[in-house]
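Before any comments, here is the structure.
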Amino acid sequence: MTQLKGVFWDVDGTLADTEMHVHRKAFNKAFSYFGLKWYWGEDLYEKLLDIAGGLNRIAFYIKQKNIDIDKNKIKAIHSKKQLFYQQILKDEIIPLRPGVGRLIKELADHNISQWIVTTSGRKAIDALFVSSLAKYLYCFKGSITYEDVLNHKPKPDAYLKALSMSKLSKNECIVIEDSEIGLMSAKAANLKCIITISPWKKVDRTNFESADCVVNNLGESSSNSKFIIGPASKEGFINFSYLQKIIS
C-alpha cells in the first residue's frame, strides 16, 4: 500500500481567507495611494482570481478596461500593494480556516513533509508565517512561491518543483487547494487533490469534478466537514487517516 509522505498546501483561500480580507484590501489601498479610482469589490475580485499572481491580475484588469498605463507604474502599484498586505497582517491576525491548524499539527506528528505551494510572492508568505501561521512554522519543510517558477498555476510547474525539492514521488503526495486553477495545476502534475472551497465561493460541482474530494472546509471534531464530492470520512472531517485512504 502506498504511504502518504507529503502534503502540498496552497495558501490564499486554503490556509486562511486572505484573498478577500487581505489581498483585496491591499490592492484597493494601493489604488487609492496612487490616486486611482479603481475599486475591486468581492464579485469582481472573485473573477480576477482566475488570473494567477497579483502583478498579472493588475495587468489583466487594465487590459480589460483599456486603461493606458506604464508597465513601471503597474510594478509600483503591485510593490505598494505588497507593503499594504504585510501591514494588514501586522495589524490583525487572520484566523486559519476550520481544521487547518489541527491537520497541520497532526501531519507533523506523523512526520509528513509539508510544503507551501502558492502563486503569492515570498514576501506575502513571510508575512503570513510571522502572523497567522507563526506557531506552525516548524511543521513546514519549505515553500514554492511566485518567484520560484516561470509558469504559474494552472500550469503544473510549482507542484513539479515541490516534488523535486521534497524528493518525493507523485504517488506519495496530496495537494490541498481551494480553486479551479489550483486543481488544474495539481492534476497537470498528476497529483491527488482535495478541494476545500472558500467560504465566499459558490459551489459548482462541475468546476471541481476532477478533484479526489471536495469539502466546504477541513472540519473539526465539533464541526464536521460537508463532503460534496468523494467519500465521506468516518470521523466527519479531513484527517491523516483520510488522506492516507485517498492516496492508497
For segment 54-108, enumerate the residues that are of a type in the set (Lys, Arg), surrounded by 15 or more Cβ atoms within 10 Å (Cβ to Cβ) and either part of a helix (DSSP H, G or I) or without any contact (Cβ under 8 Å) to a residue 40 or more places away in the chain (or both). Arg57, Lys80, Lys81, Arg102
Specify which of the listed residues (Lys47, Lys90, Lys105) is among the basic types (Lys, Arg) and under 26 Å from Ser164 (Cα atoms). Lys105
Output the number of residues of segment 189-210 satisfying the condition of being over 17 Å from the mean Cα position of the chain (by Cα), open to solvent by less than 70 Å² (accessible area, probe 1.4 Å) and modelled with pLDDT under 90. 1
Residue hits (segment 215-241; free of Cβ contacts under 8 Å to residues at least 24 places away in the same chain and part of a helix (DSSP H, G or I)) are Ser241
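Quick check: is even one residue across segment 89-99 basic (Lys, Arg) and within 22 Å of the chain's Cα centre (by Cα)?
Going through segment 89-99, the residues basic (Lys, Arg) turn out to be 90, 97.
From the residues that got through so far, the ones that are within 22 Å of the chain's Cα centre (by Cα) too are 90, 97.
Scanning segment 89-99, I find at least one residue that is basic (Lys, Arg) and within 22 Å of the chain's Cα centre (by Cα), so the answer is yes.
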Members of segment 11-35 that are open to solvent by 10 Å² or more (accessible area, probe 1.4 Å) and assigned to a loop (DSSP other than H, G, I, E, B): Asp17, Phe34, Gly35
It is to be established whether one or more residues within segment 120-137 are touching a residue at least 60 places away in the same chain (Cβ under 8 Å), farther than 23 Å from Gln87 by Cα and not aromatic (Phe, Trp, Tyr). no
Of all residues in segment 141-173 being of a type in the set (A, V, I, L, M, F, W, C), outside any helix (DSSP H, G or I) and touching a residue at least 60 places away in the same chain (Cβ under 8 Å), the one that is surrounded by the most Cβ atoms within 10 Å (Cβ to Cβ): Cys173
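The values are calculated or read from the model by the stated rules, or taken from the named source; none is laboratory data. Since the model is a prediction, treat every value here as computed from it, not as a measurement. Note that we place each Cβ from the backbone using ideal geometry, even for glycine, and neighbour counts take in every protein chain shown. What goes into the accessible areas is simple: the full protein's heavy atoms, side chains included, and nothing from ligands, DNA or RNA. Shrake-Rupley method; radii C 1.70, N 1.55, O 1.52, S 1.80 Å.
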